[in-house]
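*Asks:* Quick one: the structure is below, questions incoming.
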Amino acid sequence: MSASLEQTVHAALTTVIDPELRRPITELGMVDSVEISDDGRVRLAVLLTIADCPQRGTITADSEKALSGVAGVTSVEVELKVMNQAQRDALKEQLRGPGDRRGIPFNKPGSLTKVFAVASGKGGVGKSSVTVNLACSLAARGLRVGILDADVHGFSVPALMGITQAPTRVDDMILPPVAYGVKVISIGMFVTGNQPVAWRGPMLHRALEQFLTDVYFGDLDILFLDLPPGTGDIAISVAQLLPNAEILVVTTPQAAAADVAERAGAIATQTGQKVAGVIENMSYLEMPDGSRMELFGSGGGEALAGRLSATLGADISLLGAIPLDIRLRKGGDTGSPIVLGKTWTPAATALADIADKLAARPRGLTELKLGLQPR
Ligand SMILES: Nc1ncnc2c1ncn2[C@@H]1O[C@H](COP(=O)(O)OP(=O)(O)O)[C@@H](O)[C@H]1O
Ligand SMILES: [Mg+2]
């Protein structure tokens, strides 16, 4: 067997990416052994993180495909093994850094992740639909995006993203499923069936904290938190656990809805958080003759942005107004977000425009407080 065949085989293996960890298996210590016979037969042993790894089929197929494309390789045999505890510990340490007291990665000095907490006054205004579409739109342009569905009582993100797969657990590390390039974790993935979750404040806080510390998102550009409606326990917990999270307030154009949403945004004065902007949803319905029917009134988003600007003493803008769109609702029902579709309806365009604005916002480090005093 020639040294060069060994090199090309190894090079081919670096193209095999673990679907959940999103890194080459060669970097993750997952290649246990490679045997190449003189006549070009390759036997590869791959170490899975856990025995019932849901990605075993994908990893096998991707390895076979990568190796059988190498000139000189005549056959490929992939054997799956499982990491022992020491190997798993080494992998976890490689991914998360050393130490048991890890804390929340997004709060570490030097974290570049922009965290947006999507809030609303009341339910049903389209908070989750907006979150999912913004996340998919940003991931589609190559950003590394995650969603944490923190709406414990009304989780809906997995369904909106068409995710049925459960997260993989590697000991205390939870690997979020990926859909449309977005890493998604939801309380809904930890309950069986469609059971309601009856957790109270302290438990909610612990659940959120565990999500933020134990879920391995890797390096993200943007993390969205889909909050429950209102100014309840989770909103306070988010402020405590992720003080740098910026709030995105979603409202309908209705004056009453904007009033309730103002409370969700104004909580930022108490928590010291920033409000990234206001998004108006369900702004109007386009009629067959091209006219606009303002089903829920008009001006709520603009009015809310104005009032929040006055309350918070900052310039809070209306980032966009999304019309009612049957295709948006259908896309949610079928787990295929409208921003990824082929037809650029006004709603999809409005969502993509808002995503543009979020992508253009400065990220983490630029806002690090450097401890400098003004002269
Ligand atoms: N712009 C829109 N056009 C049509 N239907 C929408 C729109 N925004 C949201 N919906 C629908 O309204 C319902 C509530 O939306 P959802 O995102 O679950 O709201 P929330 O998370 O605020 O409770 C869903 O059925 C969703 O498909
Ligand atoms: Mg929701």
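*Asks:* Say we look at segment 356-375 and pick out the residues that are under 19 Å from the mean Cα position of the chain (by Cα) and assigned to a helix (DSSP H, G or I); which of these is modelled with the lowest pLDDT?
*Replies:* Residue satisfying both the conditions and the ranking: G364.
To keep it simple, each residue is scored yes or no on (1) of a type in the set (S, T, N, Q); (2) away from ligand 2 (no atom under 16 Å from the Cβ); (3) touching a residue at least 24 places away in the same chain (Cβ under 8 Å); (4) in contact with a Ser or Thr (Cβ under 6 Å, 6 or more places away or on another chain).
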| site | (1), (2), (3), (4) |
| --- | --- |
| V178 | no, yes, yes, no |
| K183 | no, yes, yes, no |
| R206 | no, yes, no, no |
| E209 | no, yes, yes, no |
| P229 | no, no, yes, yes |
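*Asks:* Considering each residue of segment 250-267, count those that are aliphatic (A, V, I, L, M) and surrounded by 24 or more Cβ atoms within 10 Å (Cβ to Cβ), and give that number.
*Replies:* Total meeting the criteria: 5.
*Asks:* Only one of (1) within 16 Å of ligand 2 (Cβ to nearest atom); (2) open to solvent by less than 30 Å² (accessible area, probe 1.4 Å); (3) part of a loop (DSSP other than H, G, I, E, B) is not met by S111, so which one is it?
*Replies:* Here S111 clears every test but (1).
*Asks:* If you go through segment 217-234, how many residues are in contact with a strand residue (DSSP E or B) (Cβ under 7 Å, 6 or more places away or on another chain) and closer than 19 Å to G188 by Cβ?
*Replies:* 7
*Asks:* Tell me which residues, restricted to segment 303-330, are surrounded by fewer than 23 Cβ atoms within 10 Å (Cβ to Cβ), part of a helix (DSSP H, G or I) and either within 16 Å of ligand 2 (Cβ to nearest atom) or among the polar types (S, T, N, Q) (or both).
*Replies:* Listed by number, the residues that qualify are S309, T311, R329.
*Asks:* Another question, if that's okay. Say whether the condition of being in a helix (DSSP H, G or I), of a type in the set (V, I, T), assigned by TED's automatic domain parsing to the domain that holds V184 and free of Cβ contacts under 8 Å to residues at least 24 places away in the same chain is met by at least one residue in segment 338-355.
*Replies:* yes
*Asks:* Being open to solvent by less than 40 Å² (accessible area, probe 1.4 Å) and acidic (D, E), is that true of even one residue in segment 281-290?
*Replies:* No - not one qualifying residue is present in segment 281-290.
*Asks:* Identify, from the list V118, V125, V132, the residue that is among the aliphatic types (A, V, I, L, M), in a helix (DSSP H, G or I) and in contact with a strand residue (DSSP E or B) (Cβ under 9 Å, 6 or more places away or on another chain).
*Replies:* The match here is V132.
*Asks:* Being part of a loop (DSSP other than H, G, I, E, B) and either more than 16 Å from ligand 2 (Cβ to nearest atom) or modelled with pLDDT of 90 or more (or both) is true for just one of G154, G142, G146. Which residue is that?
*Replies:* Selected residue: G142, the only one of G154, G142, G146 that is part of a loop (DSSP other than H, G, I, E, B) and either more than 16 Å from ligand 2 (Cβ to nearest atom) or modelled with pLDDT of 90 or more (or both).
*Asks:* Can you name every residue in segment 161-188 that is open to solvent by 30 Å² or more (accessible area, probe 1.4 Å) and not basic (K, R)?
*Replies:* Selection gives G162, T164, Q165, A166, D171, D172, V178, Y180, G181.
*Asks:* Would you mind stating whether P202 is within 16 Å of ligand 2 (Cβ to nearest atom), of a type outside the set (A, V, I, L, M), in the same structural domain as T334 (by TED's automatic domain parsing) and free of Cβ contacts under 8 Å to residues at least 60 places away in the same chain?
*Replies:* no
*Asks:* Considering only segment 46-67, state which residues are open to solvent by 70 Å² or more (accessible area, probe 1.4 Å) and at pLDDT 95 or above.
*Replies:* Selection gives E64, K65.
*Asks:* Sticking with this structure for a sec: Given (1) of a type in the set (D, E); (2) more than 18 Å from E20 (Cα to Cα); (3) assigned to a helix (DSSP H, G or I), identify the lone condition not met by D62.
*Replies:* (2) is the only condition that D62 fails.
*Asks:* On to the next question. Does at least one position in segment 259-281 carry a residue that is free of Cβ contacts under 8 Å to residues at least 60 places away in the same chain, among the acidic types (D, E) and part of a strand (DSSP E or B)?
*Replies:* Checked segment 259-281: at least one residue is free of Cβ contacts under 8 Å to residues at least 60 places away in the same chain, among the acidic types (D, E) and part of a strand (DSSP E or B).
*Asks:* One residue is enough: does segment 309-319 have a residue meeting the conditions of a type in the set (V, I, T) and closer than 25 Å to I338 by Cβ?
*Replies:* no
*Asks:* Of all residues in segment 123-146, which are buried (at least 21 other Cβ atoms within 10 Å of the Cβ) and within 12 Å of ligand 1 (Cβ to nearest atom)?
*Replies:* The answer is V125, G126, K127, S128, S129, V130, T131, V132, N133, L134.
The values are calculated or read from the model by the stated rules, or taken from the named source; none is laboratory data. Only a predicted model underlies this, so the values are computations on that prediction, with no experimental measurement involved. Using ideal geometry, Cβ is built from the backbone for each residue, glycine included, and neighbour counts are taken over all protein chains shown. Just the protein is used for accessible areas: all its heavy atoms, side chains included, with ligands, DNA and RNA removed. Shrake-Rupley method; radii C 1.70, N 1.55, O 1.52, S 1.80 Å.
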